[in-house]
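Pasting in a structure now, in structure tokens, and then I'll have a few things to ask.
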Amino acid sequence: MKDKRLGIYIHVPFCASKCAYCDFYSLAHCEYIMPDYQDALLKHLDESARSIKDYQVDTIYFGGGTPSYYGAERIIEIFNALKLNGNVRLDAEVTVECNPDSMKLDELKALRAEGVNRLSIGVQATNNDLLKMIGRRHNFQQAVYAYTMARKAGFDNISIDLMYGLPSQRKSDWAETLQKIVELHPEHISCYGLKLEEGTRMYKEYKDSPILPDDDEQADMYSYAAEMLKRYGYRHYEVSNFCAPGFESKHNLKYWNMDDYMGFGPGAHSSVGNLRYSYVKDLKQYISAVYRDVSIVDEYNNIDPLERAVEYVMLAMRTSRGISERDYRVRCQCDWKPMAKALRAFEKKGWAEQTNGRWHFTVPGFLMSNTLIGILLEVQATGRLEGTPWLLEEDEHFAVKQELDLPMGEYELFEELYQQQTEHPLK
């Protein structure tokens, strides 16, 4: 058997209701289509079995949408089809995304018994008012109960998704959220800043709203999370992701490491060798095309070496592993000296640092990673830094502190929250 590894992503485009911030392809109140979609998806997987068999499948990710709402029975049926048609490794990481309101103990036990070994739970916030504001169907008490059920079902690898920069959210709210989540001891925590996407309900309601935290406030929340989670032993291994040692999301790392993965379902993306393709973002069209044996591909690109070089820099610098001179020369076939000059300039500003021969962003660097990666790509293309003269200036205005303030201890955090609630200082 060939030792090539492959990740598989299964898109479940169904939700009980649409969250106010979500622009992912998913549909609410479409339960009646679930049986037809299941049949089409299984047919698509069967038709792709020959391609999958060329690999060892070491990660499987059920995302959405809300896979837990789709039901354990259907997820297990898909998983068994992959086991039958593909070379799924016994030690494969198998993740299912869940929302607290659709998690049931018997279904969690069934998933665990069949080999699902990782859950990603969308908690988002611990403040019930914020949860209601962003259109979540659960409250925090339900989230804690769902998490407890997952542990009872035997899951020892659980990720929790959180959001910051929500309307009216203060740093103290965010600090309280992090504290409550850390007390649950999940193996993995993802922290995503709110981005208002056109077409969503929150975009219409909160675009340019004064109660929306600005960029500086979001940056403070991000920095706070990075330092606090570090103090509690979580490793900041990707821009938005933190984990206990050894609990990185192996599937998500495939995206950042440019490894091979295949996606199935409407809107799903794939990257195999130099090929990049995605399927139509239309559930009924996807089902119809699978049954009629017509193309369901929406976009298809053959990536040339230059584009792969760009991808390497763009993706690797999103991780704490970063890039090294050796990897850069091998993957990009480019002169390292201009890149090293840019990275040293970043280092002087406190945006990047070198660890064991690999360059990566600091927390302040991650905050402005889009801008900094853009500069690196310009340097890669031109070999010059002349387009950003301010970067080379020794100007304290552009510098950042190398050390961020550590978060408050538990007592100080409690004192601040207590003062806000009672308007009286603690004695």
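The values are calculated or read from the model by the stated rules, or taken from the named source; none is laboratory data. The structure presented is a predicted model; accordingly, all values stated were derived computationally and were not measured. Note: ideal-geometry Cβ built from the backbone for every residue, glycine included; neighbour counts use all protein chains shown.
Provide a single number: the residues in the stretch 12-42 that are surrounded by 14 or more Cβ atoms within 10 Å (Cβ to Cβ) and in contact with a Ser or Thr (Cβ under 9 Å, 6 or more places away or on another chain).
Count: 14.
Give me the pairs, please: first residue somewhere in the stretch 323-334 and at negative phi and among the small types (Gly, Ala, Ser), second residue anywhere and exposed (fewer than 13 other Cβ atoms within 10 Å of the Cβ) and outside any helix (DSSP H, G or I), beta-carbon distance under 9 Å, and either six or more positions apart or on two chains.
324/356; 324/357
Okay, next question. Answer yes or no: is there a residue in the stretch 134-152 that is more than 21 Å from the chain's Cα centre (by Cα) and farther than 25 Å from residue 17 by Cα.
Yes, the conditions are met somewhere in the stretch 134-152.
Then there is this: Hey, could you check the stretch 289-324 for residues that are of a type in the set (Val, Ile, Thr) and in a strand (DSSP E or B) and say which is nearest to residue 278 (Cα to Cα)?
297
Under 29 Å from residue 196 (Cβ atoms) and either buried (at least 20 other Cβ atoms within 10 Å of the Cβ) or in contact with a Pro (Cβ under 8 Å, 6 or more places away or on another chain) (or both) - does that describe any residue in the stretch 113-120?
yes
What helices (runs of 4 or more DSSP H), lying completely within the stretch 122-218, carry at least 2 residues that are touching a helix residue (DSSP H, G or I) at 6+ places or on another chain (Cβ under 6 Å), within 21 Å of residue 15 (Cβ to Cβ) and not assigned by TED's automatic domain parsing to the domain that holds residue 104? Break it down into steps so the answer makes sense when it comes.
Working: elements: 128-133, 140-152, 171-182, 201-206.
In the stretch 122-218, no matching helices (runs of 4 or more DSSP H) lie anywhere.
Quick check, is residue 291 in contact with a Lys or Arg (Cβ under 8 Å, 6 or more places away or on another chain) and at pLDDT below 95?
Values: in contact with a Lys or Arg (Cβ under 8 Å, 6 or more places away or on another chain): yes; at pLDDT below 95: yes.
When the stated conditions are applied, residue 291 passes them.
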